[in-house]
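See structure below.
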Amino acid sequence: MFDQMKELWKLRNQMMELQKQLGAVSVEAASKDGSVKVIMSGTQEVKEVSVTGDMASMKADKLADSIKDTVNRAIKMSQQEAAKKMQSSGLQLPGM
(Lines give C-alpha, C1' and ligand atoms only; values in the text may rest on other atoms or scores of the structure.)
Protein backbone atom coordinates (compact mmCIF):
# COMPACT_ATOMS: atom_id res chain seq x y z
CA MET A 1 0.00 0.00 0.00
CA PHE A 2 2.86 2.35 0.78
CA ASP A 3 4.27 1.73 -2.69
CA GLN A 4 0.94 2.73 -4.26
CA MET A 5 0.84 5.94 -2.24
CA LYS A 6 4.40 6.70 -3.25
CA GLU A 7 3.53 6.09 -6.91
CA LEU A 8 0.45 8.34 -6.68
CA TRP A 9 2.54 11.11 -5.13
CA LYS A 10 5.10 10.79 -7.93
CA LEU A 11 2.30 10.92 -10.53
CA ARG A 12 0.84 14.02 -8.87
CA ASN A 13 4.21 15.77 -8.98
CA GLN A 14 4.67 14.86 -12.64
CA MET A 15 1.22 16.20 -13.48
CA MET A 16 1.91 19.46 -11.64
CA GLU A 17 5.18 19.89 -13.56
CA LEU A 18 3.43 19.15 -16.85
CA GLN A 19 0.72 21.72 -16.04
CA LYS A 20 3.44 24.28 -15.33
CA GLN A 21 5.16 23.54 -18.65
CA LEU A 22 1.88 23.79 -20.55
CA GLY A 23 1.19 27.17 -18.98
CA ALA A 24 4.36 28.46 -20.61
CA VAL A 25 3.36 27.20 -24.09
CA SER A 26 1.50 29.47 -26.50
CA VAL A 27 -0.19 28.56 -29.75
CA GLU A 28 -1.47 30.99 -32.34
CA ALA A 29 -4.27 30.33 -34.79
CA ALA A 30 -5.53 32.62 -37.51
CA SER A 31 -8.67 32.57 -39.59
CA LYS A 32 -8.43 31.58 -43.24
CA ASP A 33 -8.61 35.20 -44.36
CA GLY A 34 -6.32 36.41 -41.57
CA SER A 35 -8.91 38.72 -40.06
CA VAL A 36 -9.09 36.89 -36.72
CA LYS A 37 -6.16 35.77 -34.58
CA VAL A 38 -6.33 33.79 -31.32
CA ILE A 39 -3.45 33.16 -28.94
CA MET A 40 -4.03 30.36 -26.44
CA SER A 41 -1.89 28.84 -23.71
CA GLY A 42 -1.09 25.14 -23.50
CA THR A 43 -3.63 24.97 -20.68
CA GLN A 44 -6.27 26.15 -23.17
CA GLU A 45 -6.68 29.60 -21.71
CA VAL A 46 -7.41 32.23 -24.34
CA LYS A 47 -4.74 34.88 -23.96
CA GLU A 48 -5.63 37.16 -26.85
CA VAL A 49 -8.24 37.57 -29.57
CA SER A 50 -7.67 40.17 -32.25
CA VAL A 51 -9.78 41.18 -35.21
CA THR A 52 -8.15 43.14 -38.01
CA GLY A 53 -9.57 44.78 -41.07
CA ASP A 54 -12.74 46.71 -41.61
CA MET A 55 -15.29 45.17 -39.24
CA ALA A 56 -18.00 47.42 -40.67
CA SER A 57 -17.75 45.56 -43.96
CA MET A 58 -17.99 42.14 -42.26
CA LYS A 59 -21.37 40.65 -41.59
CA ALA A 60 -21.91 39.73 -37.94
CA ASP A 61 -22.57 36.06 -38.69
CA LYS A 62 -19.40 35.78 -40.82
CA LEU A 63 -17.33 37.39 -38.08
CA ALA A 64 -18.87 35.13 -35.42
CA ASP A 65 -18.15 32.03 -37.54
CA SER A 66 -14.59 33.18 -38.14
CA ILE A 67 -14.00 33.71 -34.40
CA LYS A 68 -15.56 30.34 -33.53
CA ASP A 69 -13.52 28.47 -36.14
CA THR A 70 -10.29 30.17 -35.10
CA VAL A 71 -10.84 29.44 -31.39
CA ASN A 72 -11.59 25.79 -32.22
CA ARG A 73 -8.40 25.60 -34.30
CA ALA A 74 -6.41 27.06 -31.39
CA ILE A 75 -7.94 24.48 -29.00
CA LYS A 76 -6.88 21.63 -31.30
CA MET A 77 -3.37 23.06 -31.55
CA SER A 78 -3.20 23.38 -27.77
CA GLN A 79 -4.35 19.78 -27.32
CA GLN A 80 -1.70 18.58 -29.76
CA GLU A 81 0.98 20.46 -27.83
CA ALA A 82 -0.25 18.93 -24.56
CA ALA A 83 -0.11 15.44 -26.09
CA LYS A 84 3.46 16.05 -27.28
CA LYS A 85 4.49 17.26 -23.82
CA MET A 86 2.90 14.22 -22.17
CA GLN A 87 4.70 11.86 -24.55
CA SER A 88 8.07 13.56 -24.15
CA SER A 89 7.74 13.66 -20.36
CA GLY A 90 7.33 9.90 -20.18
CA LEU A 91 4.25 10.36 -18.03
CA GLN A 92 2.45 7.04 -17.72
CA LEU A 93 -1.12 7.20 -16.48
CA PRO A 94 -2.41 3.97 -14.92
CA GLY A 95 -4.86 2.16 -17.16
CA MET A 96 -3.84 4.11 -20.30
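The values are calculated or read from the model by the stated rules, or taken from the named source; none is laboratory data. Predicted model only: the values in this text are computed from it and were never measured. Note that we place each Cβ from the backbone using ideal geometry, even for glycine, and neighbour counts take in every protein chain shown.
Across region 1-20, which residue is nearest to residue 70 (Cα to Cα) among those that are within 22 Å of the chain's Cα centre (by Cα), surrounded by fewer than 16 Cβ atoms within 10 Å (Cβ to Cβ) and of a type in the set (S, T, N, Q)?
That would be 19.
From 17, 45, which residue is without any contact (Cβ under 8 Å) to a residue 24 or more places away in the chain and closer than 22 Å to residue 89 by Cα?
45
Within region 61-84, can you find the residues that are under 18 Å from residue 22 (Cβ atoms) and of a type in the set (Asp, Glu)?
81
Mind listing just one residue for me: the one in region 33-68 that is in contact with a helix residue (DSSP H, G or I) (Cβ under 9 Å, 6 or more places away or on another chain), closer than 24 Å to residue 82 by Cα and not β-branched (Val, Ile, Thr) and, of those, surrounded by the fewest Cβ atoms within 10 Å (Cβ to Cβ)?
45
Out of 33, 69, 3, I need the residue that is of a type in the set (Asp, Glu) and free of Cβ contacts under 8 Å to residues at least 12 places away in the same chain. Which one?
3
Let's see how each residue does on (1) modelled with pLDDT of 90 or more; (2) closer than 14 Å to residue 31 by Cα; (3) of a type in the set (S, T, N, Q):
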| residue | (1), (2), (3) |
| --- | --- |
| 46 | yes, no, no |
| 49 | yes, yes, no |
| 62 | no, yes, no |
| 74 | yes, yes, no |
